[in-house]
Amino acid sequence: MSDPTRSLNLLGATNFRDLGGYAGQDGRPLRWRRLFRSDHLAALTPDDVAVLSSLGLARAYDLRGEAESAALPYALPGVAVHALPIEPTVVQRLKELLESGHQLTPQDTVRLMQQTYRGFVHDNAARFAALFGDLLESDAPLVFHCTAGKDRTGFAAAMILLALGVPRAVVMQDYLLTNELFRMPHGSAPGRAPQEVLDVLWRVQPDFLDAALHAVEADYGGVPAYLEKALGVGLRERERLAALYLQPPG
């Protein structure tokens, strides 16, 4: 029997995809149709909602900042929506630089993105810890998302996959899928930003996620220690995650 599709090909969310199938701890694949990552869900069509309902989606975790969520709210029938706000910083910083007359370069944007990812590790650990706390409660199908589903969501997905024993190279492959799937919404760019800056801002690069993982290694001694000390996911919790989200052994 063939595996389900990774991308759900929704009309109102271009980056909605399944984390199933990746080989985790002891080679056991992640269960399909349990863990989803996405861009925001405020533009879903009735057909999209019907697809998600047919999958039994029960939980949504919104990592957008408060103004983002207020500007594009959503509700889904039968889905409990939990706000875990992480305020966006890159677009605001780019706007401030533009307004000050700074000539933005792609290199500026890469540096800002790396700074943002290091901030996920240190400044936003409580939000990601809360997400893991709910992951540990049950295996009811869930989605976590931000606005584009690439940065806040990308770091969350990386931590979940690493906690389940997925190799780092595969985690990076999943992270970079955003570049194939996500479509930038019209009218969403900070004013006067040159196109080469937007090409950095609305895509993902290995350098972004690597900045976070390097911070994890430098400041905590590696992913397992970071999971335990910062996110409350020690060995017992990782075993629980494996029992919930990996296919049974044998």
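Would you be able to say whether some residue in the range 107-122 is within 20 Å of VAL223 (Cβ to Cβ), over 16 Å from the mean Cα position of the chain (by Cα) and surrounded by fewer than 18 Cβ atoms within 10 Å (Cβ to Cβ)? Checking the range 107-122: at least one residue is within 20 Å of VAL223 (Cβ to Cβ), over 16 Å from the mean Cα position of the chain (by Cα) and surrounded by fewer than 18 Cβ atoms within 10 Å (Cβ to Cβ). Residues in the range 149-168: is at least one open to solvent by less than 10 Å² (accessible area, probe 1.4 Å) and touching an Asp or Glu at 6+ places or on another chain (Cβ under 6 Å)? Taking every residue of the range 149-168 in turn, at least one turns out to be open to solvent by less than 10 Å² (accessible area, probe 1.4 Å) and touching an Asp or Glu at 6+ places or on another chain (Cβ under 6 Å). For the structure I just gave you, tell me whether ARG192 is surrounded by fewer than 13 Cβ atoms within 10 Å (Cβ to Cβ), at pLDDT below 95 and out of contact with any Asp or Glu (no Cβ under 6 Å at 6 or more places or on another chain). Spelling it out, ARG192 is indeed surrounded by fewer than 13 Cβ atoms within 10 Å (Cβ to Cβ), at pLDDT below 95 and out of contact with any Asp or Glu (no Cβ under 6 Å at 6 or more places or on another chain). Taken over the range 74-131, the criterion of being aliphatic (A, V, I, L, M) and under 25 Å from ASP199 (Cα atoms) is satisfied by ILE86, VAL90, VAL91, LEU94, LEU97, LEU98, LEU104, VAL110, LEU112, MET113, VAL121.
In this structure, LEU176 qualifies as open to solvent by 20 Å² or more (accessible area, probe 1.4 Å), within 17 Å of the chain's Cα centre (by Cα), at pLDDT 95 or above and closer than 28 Å to ARG33 by Cβ.
For the range 26-59, which positions are in a helix (DSSP H, G or I), of a type in the set (S, T, N, Q) and more than 24 Å from LEU84 (Cβ to Cβ)?
SER54 - this is the single residue of the range 26-59 that is in a helix (DSSP H, G or I), of a type in the set (S, T, N, Q) and more than 24 Å from LEU84 (Cβ to Cβ).
Quick one: which of ALA83, ALA70, ALA126, ALA75 is within 24 Å of ALA218 (Cα to Cα), free of Cβ contacts under 8 Å to residues at least 60 places away in the same chain, open to solvent by 40 Å² or more (accessible area, probe 1.4 Å) and hydrophobic (A, V, I, L, M, F, W, C)? Result: ALA126 is the single residue among ALA83, ALA70, ALA126, ALA75 that is within 24 Å of ALA218 (Cα to Cα), free of Cβ contacts under 8 Å to residues at least 60 places away in the same chain, open to solvent by 40 Å² or more (accessible area, probe 1.4 Å) and hydrophobic (A, V, I, L, M, F, W, C). Of all the criteria given as (1) under 17 Å from the mean Cα position of the chain (by Cα); (2) part of a helix (DSSP H, G or I), the one not satisfied by GLN92 is (1).
Taking the listed residues LEU8, LEU52, LEU35, the one that is over 17 Å from the mean Cα position of the chain (by Cα) and either buried (at least 17 other Cβ atoms within 10 Å of the Cβ) or modelled with pLDDT of 95 or more (or both) is LEU52, with no other qualifying. Restricting the range 219-250 to residues that are charged (D, E, K, R) and loosely packed, with under 14 Cβ neighbours inside 10 Å, the residue that is nearest to ARG168 (Cα to Cα) is GLU239.
The values are calculated or read from the model by the stated rules, or taken from the named source; none is laboratory data. Here the structure is a predicted model, which means the values were calculated and not measured. Neighbour counts are summed over all protein chains in view; Cβ atoms, including those assigned to glycine, are modelled from backbone coordinates with ideal geometry. Each accessible area value is taken on the protein alone, full model and side chains, heavy atoms only, with ligands, DNA and RNA left out. Shrake-Rupley method; radii C 1.70, N 1.55, O 1.52, S 1.80 Å.
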